[in-house]
Amino acid sequence: MEATYRLLVLLLVAANSLAKPRSRFTRFRSWNTKMYPVWKEGDPRFQDSWKGGKVTFNVGNDSPTLTGARVTFTIDLQFPHTQTALPGGEVVWAQDGFHNGTKHVASEPVYPTESADWKSVFPDGSPINDDKKPNYVFVWKAWGQYWQVCDGPSSSLTIATDQVPLGSYVMDIVIYHNRGRQKFIPLGYASTQFSITDQIPFSVSLDQVNDIVAGDLRFIQNRAIAFTVSLHDPSAYLSTADITFNWDFGDASGALISRECTVTHTYVNSGSFKPQVVVQAVIPDKSCEPTEGPTSAPTEKAPVMVSVVPAVVSKSNTASSDAEEDNAEYEASSTNHMESAAVTGGAKAAATLTGKAAVVVSAQKLRDDPQDDDCVIYRYGSFSTGIEVFEGIDKVEIVQMENAVATSEMDKNVLDVTVTCQGSFPKEVCSVILDADCLRPLHSVCNMVEPSKECQLVLRHFFNASGVYCINVSMANDVSLALTSAKFNIGAASDLSMPGLFAVILGALMVSVLVAMITISYKHLKSYRLLKDDLCSGPQPRPRSSGFGTTEEDKSPLLETP
């Protein structure tokens, strides 16, 4: 019974120790816990570590990283919506309000800067060589060592990956904020996962003109496809490398070796194909270059202050047992993680098909680096994917445009457009009517097309007004799109029916004939003269009055009796 009781007590103690919250960030030998306290995760003091709400962290990195290159980590502090960060880094209230019964006004600092005559130091006691006191201190930790950075609410850290085993890792970070004389308060912990690989990370995009659905990896035969390689090299590690691309488009057209990031290829037959590319980079080995002096692992960004402390020198007999336990546990788990990751993830590379479906493929190592003394490093990467090539709608042509006669039931102008196409048969045809400048759309309509042996369609359009218009006609199916356009003139529509129009035309014709007869008769009578009037040269008899109000000078006899 006593043995059972003791076992129960031991189990309770063990459960209590396992449930005890632990710090996500271990303390090291010279850590100044009075100036930089280390709180356990879930500590209630985190809830009140910032006035007006909780500060969140946006942490990221630019991995996957090719071994030997540099990896950059970034962090941005996101403050409560009632506050805003000024360009200088100071955080102020965005509007008037109250916090814990204390009134604050807009543009007032959330934490006023205090005059300080004390010397700034990092958590491990190393000095911060900066003219002004730091607002934030970020402590990054990975691989059993940590980096201390003094910066504003947005910060970054760039470190080298030389001699680091391949695999996936986690970078932990603790964020401190300055609260006056030699006092920093932790705002919280964050982490980000990153990976290191010996395969060249890159992405490939496939693009084709008039591709109906970008991303479906379905293309049209006899139309060029652009294959574009985008190397993921944010630290410019490959900037001095000789890079070649060995393409095989999978259609027995042969290999293509190029140094250009973009190549084009045209598939002349339809079917399924598997294009692939192998990337080779010949990188100058910096170890062959004469060293001019010691270099620091992290990249410093003025006025950012960075301090690097390896874990192997951070242990001490004076450290607390809890800190030693945390350190030992972290280093053991970190070592095991590194070894396992090097085995399981070492042959992987992130080559992602961009601009299309998000396809992530493996990049297998082709061969070991050649054993020579030419002071270069060989790195490889590969990519492959499956695509479908179909016969498309090659050509759309407007062969006839005819103005149909308006009917009595429909007082509109009618235009019949005859369209033909070549290649595969369309499933949908669309027409867009535009203004005379072919810029402003006025009307659009799309219709499904029934399959047929011949591709010839008649599209009928109705117009309420006459004038000059443009028309765009497009035909599409699941994989292709083709279009054509034309300009045409629509005549004025008549407001009369056919019988009324005939009566108007007949009446106008009769009036025209009558006017013509009167005109001819008048001209004939006016030109008639008596024979003696034409032969006599003596004085003419005085004419009689016509009674129509004409003047004496204008009067002339039309007919006179002898």
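Less than 5 angstrom separates the built amide H of Tyr111 from those of Val91, all sequence-distant by 5 or more or on a different chain. Label-to-label distance for Ile377 and Phe462 is 7.4 nm, based on points extended 7 Å past Cα in the beta-carbon direction. Near the amide H of Leu459, within less than 5 Å, lie the amide hydrogens of Val417, Thr418, Val419, all on another chain or at least 5 residues away, with H placed in the peptide plane.
Here the peptides 387-393, 75-81, 434-440 are ranked by packing, the mean other Cβ count within 10 Å, and the order with the highest first is 387-393, 75-81, 434-440. For Phe57, nonlocal amide neighbours, meaning residues 5 or more places apart or on other chains whose placed amide H falls under 5 Å from its own, are Gln78. Peptide packing for 159-167, 460-468 was compared via the average number of neighbouring C-beta atoms within 10 Å per residue; ordered from the highest value, the list is 159-167, 460-468.
Model label points for Lys286 and Lys427, set 7 angstrom from Cα along the Cα-to-Cβ axis, are 5.4 nm apart.
When peptides 62-74, 94-106 are sorted by average Cβ neighbour count within 10 Å, with the highest value leading, the order is 62-74, 94-106. With contacts taken as Cα pairs under 8 Å at a separation of at least 6 residues, segment 177-250 carries a relative contact order of 26 percent. Available extension along the chain between Ile128 and Val268 is 43.8 nm, counting 0.36 nm per residue and deducting the alpha carbon span.
Every number here is computed from the coordinates shown, using simple stated rules; none is lab data. Quick caveat, the model's predicted, so the values are computed rather than measured. No Cβ is skipped: glycine too gets one built from the backbone with ideal geometry, and neighbour counts run over all protein chains shown.
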